[in-house]
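Below: the structure, in structure tokens.
Coordinate-derived values only; no laboratory data. What you are looking at is a predicted structure, and each value in this text was computed from that prediction instead of being measured. Cβ placement follows ideal geometry from the backbone for every residue including glycine, while neighbour counts extend to all protein chains displayed.
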Amino acid sequence: MPKVVVDVMPKPEILDPQGKAVLGALPRLGFTGVTEVRQGKRFELEVDGEVTDEVRARVEQLAATLLSNPVIESYVVHVAGEEPVDPAGAAGAAGAGS
Amino acid sequence: MKVGVVTFPGSLDDVDARRAVGLGGHEAVALWHGDADLRGVDAVVLPGGFSYGDYLRCGAISRFAPVMGEVLVAAQRGMPVLGICNGFQVLCESHLLPGALIRNDHQRFVCRDQRLRMERVDTPWTSAYDAGQEVTIVLKNGEGGYVADAATLDRIEGEGQVVARYVDLNPNGSLRDIAGVSNARGNVVGLMPHPEHSVEALTGSGTDGLGFFTSLAAAAFA
């Protein structure tokens, strides 16, 4: 079964309290040199049949309506095993939904 | 008036909200998330709690419940809708209200008697208050940080859509101390504190929350 991956991240300007808590824990574990942590979500969608442009478009729609909230998050869609498309371009496409 | 209170799987304060509706002088009607039916109500309350276990994002799954399709249509026609805490999150996820609610900046659940300043008092939910009036209403949330981009914040402040602001202490990192907002028309209001818990002296920190439920009568006869 082909797998489509949706990565969701809090937008840069949105405070990420969870990421901050993780960052705060790192020195206690002896990890140094990390200056920022942002925590997001990864969804793996197994789809029936080939990942056509139509399937990809429907996943994009799903990502923009349910999997992410365009007010506070951006998303990137890619097929597992394929290189994610240029994240900057994808973030721009996600931004169109906001 | 008949005021519907929606129960989602994981709603916590639906019974208290129905009780507050009654104390406000109205008939409370229980609405079920799975029924695309508002049962002829004149207004709707989306109560607090942890609908769908707060999975994905608070309110994100409830927003697609069958009853919400009806609430969206009714709200756009002008029906009064009040979202309290988790209900506020559902209204933001539905994009009936601007902005979103994220985890408290200090990462802890907060439960306190919260001082608020009422700002928008021409809505069907807040007309019992005076502009600038300070009230104490119970607050309890883990994800109550109100956020929106700067342009949205400027716009809603400019258009008077801020319903209430935190006073003395900002309990959750909400931008510009915002505790509640409305849509442009004012019929849809979201509030992070819980007015339904502040309606009886016996069980709370006073009765300052009752105004949210008595305001509706004034709205009906206006």
- Task: Determine, yes or no, whether B:Cys85 is touching a residue at least 24 places away in the same chain (Cβ under 8 Å), touching a Pro at 6+ places or on another chain (Cβ under 9 Å) and within 12 Å of another protein chain (Cβ to nearest Cβ).
- Result: no
- Consider B:Arg39 carefully, then state whether it is in a loop (DSSP other than H, G, I, E, B), away from chain A (no Cβ under 14 Å) and out of contact with any helix residue (DSSP H, G or I) (no Cβ under 9 Å at 6 or more places or on another chain). yes
- Considering only the stretch A:1-29, state which residues are part of a strand (DSSP E or B) and touching a Gly at 6+ places or on another chain (Cβ under 9 Å). A:Lys3, A:Asp7, A:Val8, A:Met9, A:Pro10
- Message: Give me the residue from the stretch B:92-103 that is part of a loop (DSSP other than H, G, I, E, B) and more than 7 Å from every other protein chain (Cβ to nearest Cβ) and, out of that set, nearest to B:Ala150 (Cα to Cα).
- Response: B:Pro98
- Candidates B:Val181, B:Val163, filtered to the one that is away from chain A (no Cβ under 14 Å), surrounded by 22 or more Cβ atoms within 10 Å (Cβ to Cβ) and within 19 Å of B:Cys92 (Cα to Cα): B:Val163
- Output the residues belonging to the stretch A:30-44 that are in a strand (DSSP E or B) and away from chain B (no Cβ under 14 Å). A:Glu44
- Query: Regarding B:Ala217, is this residue in contact (Cβ under 8 Å) with a residue 60 or more places away in the chain and either within 14 Å of chain A (Cβ to nearest Cβ) or closer than 20 Å to B:Asp113 by Cα (or both)?
  - Reply: no
- Query: When A:Leu23 is evaluated against the numbered criteria (1) more than 12 Å from the chain's Cα centre (by Cα); (2) within 29 Å of A:Glu82 (Cβ to Cβ), which criterion, by number, is the only one it fails?
  - Reply: (2)
- Query: In the stretch B:62-91, which residues are outside any loop (DSSP other than H, G, I, E, B) and of a type in the set (D, E, K, R)?
  - Reply: B:Arg63, B:Glu70
- Residues of the stretch A:1-29 satisfying the condition of being without any contact (Cβ under 8 Å) to a residue 24 or more places away in the chain and at the interface with another protein chain (Cβ under 9 Å from one of its Cβ atoms): A:Glu13, A:Leu15, A:Asp16, A:Pro17, A:Gln18, A:Lys20, A:Ala21
